[in-house]
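Asks: Okay, here's the structure, questions in a sec.
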């Protein structure tokens, strides 16, 4: 049986991507480089997304700000690549399915029914990130 594939028609098995943040966004909004990062008070050179809900939850929980933690479904509008901070340094092979891009992501939905990590696990992760920062390890792909 011969299959006819077309690049213009979406696959029913298209990859789902998530972006965790405290930013208050609407469906159709674009997430773009040049704004404050979730984790540092500086303009981001890259924007990040993940194909795992757990990594997106961490993104929302660890983001700066006082806003509500949110997880958005996003569609990358350009090329994405592995996030080298995670894939090269911490988790070879990219098991977190974490990616970065310089091209915008379009918000296509929001996940409302997700469960946060336990408070003590979040505190331990924040302490770990603070230790890395004190050691001068704070890349976000500079």
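Each value in this text was obtained by applying a stated rule to the coordinates, not by laboratory testing. Only a predicted model underlies this, so the values are computations on that prediction, with no experimental measurement involved.
Asks: Multiplying the sequence separation of residue 33 and residue 130 by 0.36 nm and subtracting their Cα-Cα distance, what value in nm do you get?
Replies: Length gained, residue 33 through residue 130: 32.5 nm.
Asks: Any idea what % of Cα-Cα pairs in region 17-134 are farther than 18 Å? Each step should come with its number before you reach the end.
Replies: Working: 3500 of 6903 pairs.
That tail contains 51 percent of the Cα-Cα pairs.
Asks: Pulled fully out, how much extra length does the chain show between residue 66 and residue 122, if you take 0.36 nm times their separation in residues and subtract their Cα-Cα distance?
Replies: Working: separation 56, 0.36 × 56 = 20.16 nm, distance 1.55 nm.
Working it through step by step, the gained length comes to 18.6 nm.
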